[in-house]
Amino acid sequence: MTATDNAVRLARVAAAAANEKKADSIVAFDVSEHLFITDIFLVCSASNAPQMNAVKDEIERKMIEIGAKTIRREGEREGRWVLMDYGDIVVHILHEEERAFYSLERLWSDCPAVDLELA
C-alpha cells in the first residue's frame, strides 16, 4: 500500500504553505505501510513560537481553501510542537530543539520520502 493521491496533494499544499512562512527542513514520509490511521507525516520546524504560529496559521488557511478540515490539533499552547491531523496526513511543526530531540526522521527512516515538489 502507498499513500493515496489525495494524501500526496494535501501534503504538497501543506508543505507549500509551510515554505511560504519560512519553515525549515520540510520533509514528508509515506507511513501508510506502518500505520492505518494516516498515509503521510509531514514534518517541519521553526525557530520560535511566533514563527510556529505563522506556519500553523498558513497551513490551516491553505488547507481550508482546498476544503480540507483539521480533525484535531494538539500542542498549540505549549508552542514547542504542534500536531495538525487532516486524516490522510498529519502535520508536525516542531521547535528546532524538539525536532532534534525527538528525531522523527530517524524514527520513520524506513518509510519512503514523499516528493513535495518544493522549488
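Every number in this text was worked out from the coordinates using simple rules, so none of it is lab data. Keep in mind that what you see is a predicted model, and the values were worked out from it rather than measured. Every residue, glycine as well, gets a Cβ built from its backbone with ideal geometry; the counts of neighbours run over all protein chains shown.
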What are the lysines whose alpha-carbon lies under 20 Å from the alpha-carbon of K22, with same-chain residues fewer than 8 places away excluded?
K56, K62
Modelling each spin label as a point 7 Å along the Cα-to-Cβ direction, I'd like the N53/E20 distance in nm, to one decimal.
1.9
Length-normalised contact order for the stretch 5-107 - Cα pairs under 8 Å, 6+ apart - percent:
29
Please state the charge dipole magnitude for the chain, taken about the Cα centre, from unit charges on C-beta atoms (+1 on K and R, -1 on D and E), reported in debye and rounded to the nearest 20.
340
Want the number for R9 to I37: 0.36 nm per residue separation, take away the alpha-carbon distance, what's left?
8.3 nm
Matching label, volume of the Cα convex hull per residue in Å³ computed from the structure shown, candidates (i) 94; (ii) 131; (iii) 167
(i)
